[in-house]
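Following: one structure in structure tokens, then a few remarks.
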Amino acid sequence: MTTSISDTPARASPAVIKAMIRATAHDQGFDACGFADAAEPWAASERLATFLELGRHAGMAWMADTAGRRAHPRAMWSAARSAIVVGLNYGPDSDPLQALRRRSRGAISVYAQGRDYHDLIKGRLKTLAGQIQRRLGGEVKVFVDTAPLMEKPLAALAGLGWQGKHTNLVSRRFGSWLFLGVILTSAAIEPDVASGDHCGACRACLDICPTQAFPAPYQLDAGACLSYLTIEHHGAIPERFRVALGNRIYGCDDCLAVCPWNKFASLAREAGLHAREALRSPALADLAALDDAAFRALFTASPVKRIGRDRFVRNVLYAIGNSGDSGLRPSAAARVSDPDVAVREAASWALDRLDRPGQGLGGSHGSGGDAEAGSEGLKTEPGGAA
Ligand code: B12
Ligand code: SF4
Ligand code: SF4
């Protein structure tokens, strides 16, 4: 039976209304739902300012451009009083770190092996928001990722989990694997209790990072993060990070995958988020040959589509360079006169690396001891994880 918030009696208590909202969120496919005071002052404003001052947003100029609005939900929408924060479990069916061992194949991060979560969440959030508005009045706005709203501190306030030392929200029930979505409303809803920090003395996520992208616990330098470099960074990836990329061709899951709280994680309930076979561990040779049309066809409804063929093939060529597989030489050679300058340069880099087998393999975890220390001083083999 589908739940509707409008079924709640006219004089229902705040607790009953919240329970109905949670039940409706669950019916919509969300795995977690909590409530926060959207007007409360928070430490995240100052932390965002510091992040930007230190240039930790790297080439994501849009973060600085929207800093004023991003600093607080009220700065973004002055009428906001309450936030309903939802989480969608995207737990994988296998350990993502295993894919890093198959060097002639690409590793696409878990979040991008199924359907684009933005598409899956947005419609459901709108349905939920519509019901909340009909029952409680006021105005509502929905957010998934792309608006200038800091979703992680809001989710922590709403009790969905805490921001771990890798800066992502960790859930006691779902570990690292929760997408977040937010409804802001001008209606007043009693907030839940914020989550405490349960990282303790653990630092597994900090130690496993192949590029040491955490200057300190709870702080990320995005410019050194392989997720940023493979997804957001335009043009050639700086040479000092290329070995550490290993076979990661879209995003990175290392700091998420190693978190001990994943022992409570479960496979995503939403089938659309399960890995598509074609994206689980695709052959680098096939990916390097993609033209624009083939790229679009392969990544239909996938978040990977957003970065476009050139940036993606660029990543694939770095992975070929790191593969140690001379059988991939023709795939790289075929791209040295590619129309895209970053693709051409990546193809030459890959050929150079394949032609000098003494250079060793880089960037993957648990690779049997053949990872090099990295001429650029980057760590390519973690201490005890994977
Ligand atoms: C920009 C961005 C990125 C950037 C920068 C990431 C970052 N950590 O800032 C890049 C491209 C690197 C990135 C990567 C990823 N992202 Co992203 N990203 C975002 C986005 C759009 C904004 C994040 C943001 O505001 N950053 C600015 C910084 C200042 O904020 P912050 O990370 O919260 O930083 C906090 C800490 O530094 C903390 N802090 C600082 N000092 C201290 C000290 C103490 C003691 C404490 C407790 C805290 C603390 O305070 C800051 C403010 O809260 C959000 C969506 C959104 N609108 O919120 C998705 C989002 C964070 N990304 C998401 C995902 C899934 C990823 C990846 C896992 C994807 C992948 N597999 O490749 C990686 C994870 C990399 C990582 N370790 O963070 C999810 C995270 C879900 C979750 N459970 O947390 C989000 C929420 C999208 C979504 N709607 O689901 N992302
Ligand atoms: S996503 Fe990868 S590169 Fe980025 S911080 Fe986590 S482990 Fe480091
Ligand atoms: S790996 Fe350890 S330190 Fe990192 S988020 Fe998980 S519990 Fe916290």
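The values are calculated or read from the model by the stated rules, or taken from the named source; none is laboratory data. Remember, predicted model here, so these are calculated numbers, not experimental data. Backbone-built Cβ (ideal geometry, glycine too); neighbour counts: all protein chains shown.
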### Message
Among the residues of region 110-144, what is the count of those that are surrounded by fewer than 16 Cβ atoms within 10 Å (Cβ to Cβ) and more than 22 Å from residue 23 (Cβ to Cβ)?
### Response
3
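Would you confirm whether or not region 166-176 contains a residue that is part of a strand (DSSP E or B), touching an Asp or Glu at 6+ places or on another chain (Cβ under 7 Å) and touching a residue at least 24 places away in the same chain (Cβ under 8 Å)?
No; the residues of region 166-176 include none that is part of a strand (DSSP E or B), touching an Asp or Glu at 6+ places or on another chain (Cβ under 7 Å) and touching a residue at least 24 places away in the same chain (Cβ under 8 Å).
Would you mind finding the one in 134, 74 that is more than 21 Å from residue 232 (Cβ to Cβ), outside any strand (DSSP E or B), modelled with pLDDT under 95 and more than 21 Å from the chain's Cα centre (by Cα)?
Matching residue, one of 134, 74: 134.
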### Query
Looking at region 215-231, which of its residues are near ligand 1 (Cβ under 8 Å from one of its atoms), buried (at least 19 other Cβ atoms within 10 Å of the Cβ) and either of a type outside the set (S, T, N, Q) or outside any helix (DSSP H, G or I) (or both)?
220, 222, 225, 226, 228, 231
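Please state which one of 147, 107 is buried (at least 24 other Cβ atoms within 10 Å of the Cβ) and either small (Gly, Ala, Ser) or away from ligand 2 (no atom under 16 Å from the Cβ) (or both).
Values: 147 fails: buried (at least 24 other Cβ atoms within 10 Å of the Cβ).
Matching residue, one of 147, 107: 107.
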### Task
Output the residue which, of all residues in region 198-214 that are hydrophobic (A, V, I, L, M, F, W, C) and near ligand 2 (Cβ under 8 Å from one of its atoms), is surrounded by the fewest Cβ atoms within 10 Å (Cβ to Cβ).
214
### Query
Out of curiosity, is residue 145 modelled with pLDDT under 95 and either part of a loop (DSSP other than H, G, I, E, B) or touching a strand residue (DSSP E or B) at 6+ places or on another chain (Cβ under 7 Å) (or both)?
yes
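Going through region 333-354 one residue at a time, which ones are in a loop (DSSP other than H, G, I, E, B), of a type outside the set (Lys, Arg) and in contact (Cβ under 8 Å) with a residue 24 or more places away in the chain?
Restricting attention to region 333-354, the residues satisfying the condition of being in a loop (DSSP other than H, G, I, E, B) are 334-340.
Cutting the leftovers down to of a type outside the set (Lys, Arg) gives us 334, 336-340.
Matches in region 333-354: 334, 338, 340.
For every residue, the table says whether it meets (1) surrounded by 20 or more Cβ atoms within 10 Å (Cβ to Cβ); (2) without any contact (Cβ under 8 Å) to a residue 24 or more places away in the chain; (3) assigned to a helix (DSSP H, G or I).
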| position | (1), (2), (3) |
| --- | --- |
| 11 | no, yes, no |
| 17 | no, no, yes |
| 21 | yes, no, yes |
| 24 | yes, no, yes |
| 30 | yes, no, no |
| 34 | yes, no, no |
| 40 | no, no, no |
| 55 | no, no, no |
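Residues 220, 267, 256: which one is more than 16 Å from ligand 3 (Cβ to nearest atom) and modelled with pLDDT of 95 or more?
On the way: 220 fails: more than 16 Å from ligand 3 (Cβ to nearest atom); 256 fails: more than 16 Å from ligand 3 (Cβ to nearest atom).
Among 220, 267, 256, only 267 is more than 16 Å from ligand 3 (Cβ to nearest atom) and modelled with pLDDT of 95 or more.
I'm trying to understand the selection: among the residues of region 232-277, which are away from ligand 2 (no atom under 16 Å from the Cβ), part of a helix (DSSP H, G or I) and over 17 Å from residue 99 (Cα atoms)?
Filtering region 232-277 down to residues away from ligand 2 (no atom under 16 Å from the Cβ) leaves 234-236, 239, 263-277.
Next, from what is left, pick out any that are part of a helix (DSSP H, G or I): 239, 263-264, 271-273, 277.
Listed by number, the residues that qualify are 239, 263, 264, 271, 272, 273.
Residue by residue, here is whether (1) of a type in the set (A, V, I, L, M, F, W, C); (2) over 30 Å from residue 290 (Cβ atoms); (3) in the same structural domain as residue 153 (by TED's automatic domain parsing) holds:
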| position | (1), (2), (3) |
| --- | --- |
| 211 | no, no, no |
| 214 | yes, yes, no |
| 235 | no, no, no |
| 243 | yes, no, no |
### Task
Evaluate region 190-208: report whether one residue or more is under 18 Å from the mean Cα position of the chain (by Cα) and free of Cβ contacts under 8 Å to residues at least 60 places away in the same chain.
yes
### Query
For residue 129, which of the numbered conditions (1) farther than 30 Å from residue 14 by Cα; (2) modelled with pLDDT of 95 or more; (3) in contact with a strand residue (DSSP E or B) (Cβ under 8 Å, 6 or more places away or on another chain) fails to hold?
(1)
